[in-house]
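Heads up, the thing below is written out as structure tokens.
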Amino acid sequence: MQRFAFVDWDDTLKVTNALYDAASQENARKIMAYFSPAKLNVRALQRRAHAIDLAKTHAAGLRPDNYPEAWAELFYELAEEHGKRACPHIAASLYRRAAEVVHLPQPDYPGARDLLLTLRKNGWEVTIWTSGDESVQKAKVKRSGYETLIDRLCVAPEKNVDSLLQALEDRDPSRVCVIGNSPRADIAPALAVGAWAFHVQHSTWEYDEAPLDVEHPRYVPVDSLKEVPAKLALIVS
Ligand SMILES: [Mg+2]
């Protein structure tokens, strides 16, 4: 009988948060240099930009512009606080560095390729189940070189129960495994529709947090993608 894997992309198969982190650190340092000798620090600036980004995401959804806009806005806020002119070239460079993150090559998490190969070898239908901007997400999958191991790509503006049900179409949820790192976007909706939920314990951000029923019989936490193939074989035969 057919089995269906719905696999998340960002920070499940592919490193994402760390790329944002590197851009945030560079931007914070650039801002500190501009406002020197004001007492600013990298972590506090990262936190402030992050808070603006999170507020934008809550207000307007997962737009690729949220993060770069957050850095430019933070720069203008700081200029006002410090009574210093905000150089538009610096604002533009902060924006650019942040905006390029979604176009950078994403390293694999350990076990990513082997997981896709195992799914293919064992006859699973593989859906990449991801959220955000459709063209950005499509380009990421294309760049990865994994297209031949993937059957479908579903990009939802937001991953929740409704969009998961829509993506399932007529697939029997009890034969579906959702594999992802986000409690809010991957795990909670999977359990709600009656699918298996493989919770990969990779880094995530506040937007992805949600309370989880970790006692649920279909909740399967894993520390690494390397654990997934063996557990999948036990669960859905
Ligand atoms: Mg994710």
Next on the checklist: With the structure loaded, tell me whether L115 is of a type in the set (A, V, I, L, M), outside the structural domain of A156 (by TED's automatic domain parsing) and in contact with a helix residue (DSSP H, G or I) (Cβ under 7 Å, 6 or more places away or on another chain) or whether it fails that test.
Outcome noted: no
Item to check | One residue from A79, A91, A18, A22 being part of a helix (DSSP H, G or I), surrounded by fewer than 17 Cβ atoms within 10 Å (Cβ to Cβ) and more than 16 Å from the ligand (Cβ to nearest atom) | outcome: A22
Item to check | Extreme residue, surrounded by the fewest Cβ atoms within 10 Å (Cβ to Cβ), among residues of segment 28-70 that are within 18 Å of G83 (Cα to Cα) and hydrophobic (A, V, I, L, M, F, W, C) | outcome: A33
Checklist entry - E73 passes all but one of (1) without any contact (Cβ under 8 Å) to a residue 24 or more places away in the chain; (2) surrounded by fewer than 18 Cβ atoms within 10 Å (Cβ to Cβ); which number fails? => result (2)
Item to check | Breaking point among (1) farther than 30 Å from W71 by Cα; (2) part of a helix (DSSP H, G or I); (3) of a type in the set (V, I, T), for T127 | outcome: (2)
Checklist outcome for this item: Of the conditions (1) in the same structural domain as D170 (by TED's automatic domain parsing); (2) more than 12 Å from the ligand (Cβ to nearest atom), the single one that K39 does not satisfy is (1)
Item to check | All positions within segment 185-203 that are in contact with a helix residue (DSSP H, G or I) (Cβ under 7 Å, 6 or more places away or on another chain) and within 10 Å of the ligand (Cβ to nearest atom) | outcome: A185, V200, S203
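The values are calculated or read from the model by the stated rules, or taken from the named source; none is laboratory data. Just so it is clear, the model here is predicted, and its values are computed rather than measured. Counting neighbours? That spans all protein chains shown, and the Cβs are built from the backbone with ideal geometry, glycine included.
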